[in-house]
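Report on one structure; see the data block that follows.
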Amino acid sequence: MKLHKYPVSLLLTLALLAGCSDDTLNKVSPNALTVETFWKTSDDAVQGVNATYSGLQQIGVQRWPLFLFDLRSDEGYSQSPWTELANMTKFITPNSNFEPMYVQWTDLYRAIGRANQVIAYVPDIEMDATLKTRVLSEAKFLRAIFYYYLVMNWGNVPMVLTPQTPNDRPDQATEAQVWAQIEKDLTEAKAGLPVSYDAANVGRATKGAATALLGKVLLQQRKWADAAVQLKEVVDQSPTVYDLVPNYQDNFTATNENNKESVFEVQYASANRGPFDELGGSEGSERAQFFGAPGIGWTDGQPTRWLFNEFMKEKTKDNKVDPRLDVTMWYYRPNDPNYLIYGKTIEERQKLSNGRYTENDRFWRKYQNDYPNQTENYFSPINYRMIRFADVLLMYAEALNETGKTAEAIPLANRVRARVNMPNLPAGMSQAAFREQLRHDRVVELAGESVRFADLKRYGLLGPELAGPASQQNQPPSEANFDTDFKNFVKGKSELLPIPQRELDANPKLKQNPGW
């Protein structure tokens, strides 16, 4: 399914036209579409929800979460020459209007605005009832995703559930209220979404996607029993609907997309549909360009040594390194002539990058285009697998373990481990022992997939302790066995981002987050 962005400008125009009260501003071309003339047909409804999907492709939703979720966790760090960007991942953010934060905020609310228009206007369209229900359910599913990003990053945020006018100043909802709305949207979406689609519509939200995301949301709130109910529904659809693909690497390339392991993924294509990707003309992902190795991409984010060490904790059944390591990152292997980075040896890469490839350097490989190419750009075609079945299995295992059902949880983790030839965990593990093991298993399975920061928050582990002992904290982040960026973490403050000052200035109802 190609969700082109041409309806986006239309919906933005409609939103503005609906909110203008000044007669001067209301003078528009008689041929221009308005709220009154657009929302008339089933095609309008589908175009409207397609525009909402395209909100997932905006840079505030697809580029900057990589830094806010991946690099602010202990899995990654930044040596970006853009100092303010690197400092953001070190929990140093004096400017609340800094682009990565402000753009994510505005792009999320822009996408919510699109969803709200669909939810408000589609019910009045005379159209096929099943299609109407599906479109409304898709919009609610997407709105839940956008609010998930907001509540995870900012906590108490404005709750906007209807199309806005320029004079609206929405109230600031509590975290509990935002979570409750997300649950409501997902529950209603789940009831109205199909199990699957025909080939022309692959990539749209399914009942399983809404159920899995609802389980994830409940798990994040530590509602273990409720989360287990939802996640079990998805697991019970295996292997008919969902399953693990045999090759772990197939989850992160442009081939074999929308496979059985993919519960929901954001669709991308390499076509550049506009002169500048910054203007929203591209259908491509920017991850590969920003995380690409030196000489290939900007290398604005890199894996930590701590993450590398996690992969070295266990060996496969035949005493080999966990194969997920090579899929996740490149690392220093100068004595292996068959080890190539974008088609060149480490020695060749060192010459091309002024010695950047050393024993203290590691670079992200997951979601990179090195498999067919030797270059990167802003238009990567690799779909982002937002929810994988492997994640569902591990979340379900966590929910069961936390409700005292460890014996039922262990086989779920073993199923994920078996794919990469890791030995089974013993059946008699205690709840505490399995909890620690499962946290490790989530790291090596899901590293670089924007889940670790949420995991650390759920575990209650976010804090300066993640920087390790004082002897480690003065080492460069590339060499330390811990993520030394966390030495700047302030409990009660750094868990959330500062609300942009521009928003505080525009809406006096908003209060800044604690500590900022």
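The numbers here are math on the coordinates, done by the rules we state, and not lab data. Just so it is clear, the structure is predicted and the values come from calculations on it, not from any experiment. Ideal geometry is used to build each Cβ from the backbone, glycine not excepted, and the neighbour counts take in all protein chains shown.
Please state the shape class of the stretch 114-247: rounded when a/c is under 1.5, otherwise prolate if a/b exceeds b/c and oblate if not, all from the C-alpha gyration tensor. Note, shape of the stretch 114-247 comes out oblate.
The alpha carbon radius of gyration of the stretch 250-362, expressed as a multiple of 2.2 N^0.38 Å, is 1.27.
With respect to the cross-link table entries K223/K511; K260/K320; K190/K216; K184/K493; K457/K511, which display a Cα-Cα separation exceeding 24 Å? Cα-Cα > 24 Å for K223/K511; K260/K320; K184/K493; rest within.
Once the Cβ-Cβ distance between I92 and T133 is put in as r, and R0 is 41 Å, what FRET efficiency do you end up with, to the nearest 0.05? Provide the component values of the computation, followed by the final result.
Working: r = 47 Å, r/R0 = 1.15.
Working from the Cβ atoms, E equals 0.30.
Please state the shape class of the stretch 125-189: rounded when a/c is under 1.5, otherwise prolate if a/b exceeds b/c and oblate if not, all from the C-alpha gyration tensor. Let's see the in-between values first.
Values: a/c = 2.96, a/b = 1.56, b/c = 1.90.
Oblate is the answer for the stretch 125-189, as a/c is 1.5 or above yet b/c matches or exceeds a/b.
The phi-based Karplus calculation (6.51 cos²θ - 1.76 cosθ + 1.60; θ = phi - 60°) puts the 3J(HN,Hα) values of the stretch 356-364 at 6, 8, 10, 5, 9, 10, 9, 9, 5 Hz, whole numbers, x for Gly and Pro. Principal axis extents of the C-alpha atoms in the stretch 306-465 (largest first, rounded to whole Å): 55, 35, 34.
Cα-based radius of gyration for the stretch 169-296, normalised by 2.2 N^0.38 Å, reads 1.29. Rg ratio for the chain: its Cα radius of gyration over 2.2 N^0.38 Å, N being its residue count, equals 0.97. To the nearest µm²/s, what D does Stokes-Einstein give for the stretch 320-415 at 37 °C and 0.692 mPa s, using the Kirkwood radius over alpha carbon pairs as Rh? Using the Kirkwood radius from Cα pairs, D works out to 201 µm²/s. Rounded to the nearest 0.05, what FRET efficiency do S353 and K40 give with R0 = 45 Å and r taken as the Cβ-Cβ distance? Could you check? Here the calculated transfer efficiency is 0.20.
Normalising by residue count, the stretch 435-516 has a Cα convex hull of 137 Å³ per residue. Both the radius of gyration and Dmax for the stretch 93-158 are 15.0, 52 Å, in that order, over alpha-carbon atoms.
The phi torsions of the stretch 234-251, fed into the Karplus equation with coefficients 6.51, -1.76 and 1.60 and a -60° offset, translate into couplings of 6, 4, 5, 8, 9, x, 5, 9, 10, 6, 7, 6, x, 9, 3, 5, 5, 7 Hz, rounded to whole numbers, with Gly and Pro shown as x.
Report the percentage of all Cα-Cα pairs in the stretch 70-115 whose separation exceeds 15 Å, rounded to a whole percent. Don't skip to the end; give the middle numbers.
Details: 539 of 1035 pairs.
Of the Cα pairs, 52 percent sit more than 15 Å apart.
Sorting the Cα pairs of the stretch 420-479 by distance into bins of 5 Å, from 0 upward, gives 4, 13, 18, 19, 20, 16, 7, 3, 0 percent per bin. Annotation: for a label point projected 7 angstrom from Cα along Cα→Cβ of A407, residues of the stretch 428-443 with backbone N closer than 19 Å are 428-435. Extension gain, K491 to T83: 0.36 nm times the residue separation minus the Cα-Cα distance gives 144.5 nm. Ordering 226-232, 427-433, 373-379, 72-78 by mean Cβ neighbour count within 10 Å, with the highest value first, yields 72-78, 226-232, 373-379, 427-433. Each residue in E283, E398, E436 was given a count of other beta-carbon atoms within 10 angstrom of its own, and listing them fewest first yields E436, E283, E398.
Which number comes out as Rg/Rh for the stretch 44-187 once both Rg and the Kirkwood Rh are worked out on C-alpha atoms?
Values: Rg = 16.8 Å, Rh = 16.3 Å.
Radius of gyration relative to Kirkwood radius: 1.03.
Here the residues M386, M127, ranked from fewest to most Cβ neighbours within 10 Å of their Cβ, fall in the order M127, M386.
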